[in-house]
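Input: a single structure, listed below in structure tokens.
The numbers here are math on the coordinates, done by the rules we state, and not lab data. Because the structure is a prediction, the values reported are computed rather than measured. When we count neighbours, we look across all protein chains shown, and the Cβ atoms used for this are built from the backbone with ideal geometry, even at glycine.
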Amino acid sequence: MNAHSSPTLWNRLVLWYHQMGSPPYFYAFAGRWRPWFIAATLITAAIGLYGGLVLAPPDYQQGDAYRIIFIHVPCAWMSLFTYAFMAGCGLVGLVWRVKLAEILAMEAAPIGAAFTFVTLVTGSLWGKPMWGAWWTWDARLTSELVLLFLYLGVIGLYHAFEDTRQGARAAAFLARIGAVNLPIVHYSVVWWNTLHQGTTVRLFGPSRITWPMLWPLLTMALSTHLYLGWSLLGRARVALLELEGGKDWARAIALKDAPHG
Amino acid sequence: MSAPSARAGYVAVLRRDLLLAWRRRGEAAFPVLYALIVATLFPFALGPEGALLSRIAAGVALVTVLLAMLLSLDGLFRPDYEDGSLEQLLLAPQPLGLLLAAKIFAHWLTTALPLLLASPLLAAMLHLPAAVLPVLLAALALATPLMSLLGALVVALTVGTRRSGMLLALMLLPLMVPVVIFAAGAVAAAQQGLPFIAPLAWLGAAFVLALVLAPAACAAALRIALDA
């Protein structure tokens, strides 16, 4: 009989998952980890920006203008990553009704919308000197714009409900519809562009990227991922306190932090 | 006492919605009037040159019809939600998706069909070449049911919220982008004398897919939005 052997990795994962579902546990966990995320974000961003803006050589075609890539591309990756994260958490919330998954999905939406917005703005700033236009109806740009609308729709629907959890479930459902729709939009716009014989713009000037340009890019990508953790943990803590305002653990924290004890 | 069959439920919901629409038949004219007014504004905004208007006619007719449908979508579930009959549908023994399919079909008959009948008028006002008109009608005949089905899915999520027309447009626009691209693509191809069957076939495929999936997804959305 070996029933009381040490817990396997799987057991620990299951335990961790169930503990994370408990709001007071997650609140304390997020409070412990958030400073590490802040520090790691700032350090990797400083290294990545120094590597990208100072150490990397200028591009032979685009000169120094290409350096916006170190902001633009990590944000574009994160806009999709955050959407996948939001839709995944939303699905967990819809299927198992985990309160914390709903909160993480809804708190990720504004961060993802911000990444998408930064991507669109830096893209058009980059496009003006490179192709001579702020905007072009390229498949990637159009999909990114539709992605922004999807994010705004999710945020808007979430806030349209009186009841927070009901709004979170409806918005998570919308996020799932959007996850199906986004590839369809992308490919239909590709098809539309070829039909119209529109401008054949390549988004990236250099076809292959050298190591001195690549490593700052990857460092910035890591930094934006860490920023997501930083921002999400803080937002989720506030949302948890708001949602659980009547519970004892939230009250205890509020009393502890109150000026008069 | 056994419950009536699913087929009987479908027919009953369809009859009821069509009867309600018939009792207020003046309202069926509003989307058509809206589309006519919008189509009238385009020549004022762009100038009355026939060549320019005939180039944009199909696109304007398409977008106008879809916007007119968007305006009418808010009324798909809201009156039933307010008088409580929507909850009766949720409690009914028949499959909810099927009953909602009846409601969506009734909505298409009362709002999209008048628009479809008025679209030759829109096309003529904007000098669309007569040879392209059948393609436009075919594209609209496939695009409007898609709009009804996808719109019902989105509007089901907003039942039980405060009145929010702008939110509906924001949620529906990303879903409609492919539909507009393929419908306009068919008409543009026909106008240039190119083969136009492929985009119509894509629209048809999307319509069949939506016809199967959308009512069930709409039922799930409605259960979430009403927390039932």
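Given DSSP loops and a limit of at most 14 other Cβ atoms within 10 Å, what is the longest stretch of chain A that contains no such chymotrypsin sites (Phe, Trp or Tyr not before Pro)? Result, exposed sites excluded: A:61-133. Averaged over the residues of B:166-176, the number of partner chain Cβ atoms lying within 10 Å of the residue Cβ comes to 6. About its Cα centre, the dipole of region B:6-225 is roughly 280 debye, where the only charges are +1 on Lys and Arg Cβ and -1 on Asp and Glu Cβ. Stretching B:Asp83 away from B:Met166 to a fully extended chain increases their span by 27.5 nm, per 0.36 nm per residue minus the current alpha-carbon distance. Loop sites by DSSP among the trypsin sites (Lys or Arg not before Pro) of chain A, restricted to those with at most 11 other Cβ atoms within 10 angstrom, leave A:98-201 as the longest stretch without any of them. Placing +1 on the Cβ of each Lys and Arg and -1 on the Cβ of each Asp and Glu in chain A, which of A:Trp135, A:Val185, A:Ala65 has its Cα farthest towards the positive end of the resulting dipole? My answer, from the dipole projection, is A:Val185.
Ranking B:Leu117, A:Ala168, B:Ala189 by Cα position along the charge dipole of the protein assembly as shown, where only Lys, Arg, Asp and Glu carry charges on their C-beta atoms, puts A:Ala168 farthest toward the positive end. How far is helix B:165-191 tilted off the main Cα axis of chain B, in degrees rounded to 10, range 0 to 90? Tilt relative to chain B: about 40 degrees. With loop membership from DSSP and a limit of 16 other Cβ atoms within 10 Å, the longest segment of chain B without trypsin sites (Lys or Arg not before Pro) is B:25-161. Which angle between 0 and 90 degrees, to the nearest 10, do you get for helix A:99-131 versus the longest principal axis of chain A when only C-alpha atoms count? The two axes meet at around 10 degrees. Take each residue of peptide A:179-188, count the partner chain Cβ atoms within 10 Å of its Cβ, and average: the result is 4. Which shape class, rounded, prolate or oblate, goes with chain A when its Cα gyration tensor gives a ≥ b ≥ c as root eigenvalues, a/c under 1.5 marks rounded, and past that a/b bigger than b/c marks prolate? Here chain A falls in the prolate category. Using Cβ point charges alone (K and R +1, D and E -1), the dipole size of the protein assembly as shown about the Cα centre works out to roughly 520 debye. Per-residue shielding of B:182-189, expressed as the average number of other chain Cβ atoms within 10 Å of the residue Cβ, stands at 2. Placing pseudo-labels 7 Å out from each Cα toward the beta carbon at B:Leu211 and A:Ile184 gives an inter-label distance of 1.6 nm.
Per-residue ellipticity at 222 nm from helix content only, as computed over the protein assembly as shown with -39500 (n - 2.57) for each DSSP H run of at least four residues, stands at -27000 deg cm²/dmol. Projecting the Cα positions of A:Met106, B:Ala131, A:Val92 onto the charge dipole of the protein assembly as shown (unit charges on Cβ atoms of Lys, Arg, Asp and Glu, taken about the Cα centre) puts A:Val92 furthest along the positive direction.
Assuming 1.306 mPa s and 10 °C, estimate D for region B:6-225 with Stokes-Einstein, Rh taken as the Kirkwood radius over Cα pairs, in µm²/s. Diffusion coefficient, whole number: 88 µm²/s. In whole Å, what is the distance between the alpha-carbon centres of region A:170-188 and region A:41-103? Between the Cα centres of region A:170-188 and region A:41-103 lies a distance of 20 Å.
Ignoring aspartates and glutamates fewer than eight residues from A:Lys99 along the same chain, the ones with Cα atoms less than 12 angstrom from its Cα are A:Glu244. Is the shape of the protein assembly as shown rounded, prolate or oblate, going by the alpha carbon gyration tensor and its root eigenvalues a ≥ b ≥ c, with a/c under 1.5 for rounded and a/b larger than b/c for prolate? Verdict is oblate for the protein assembly as shown.
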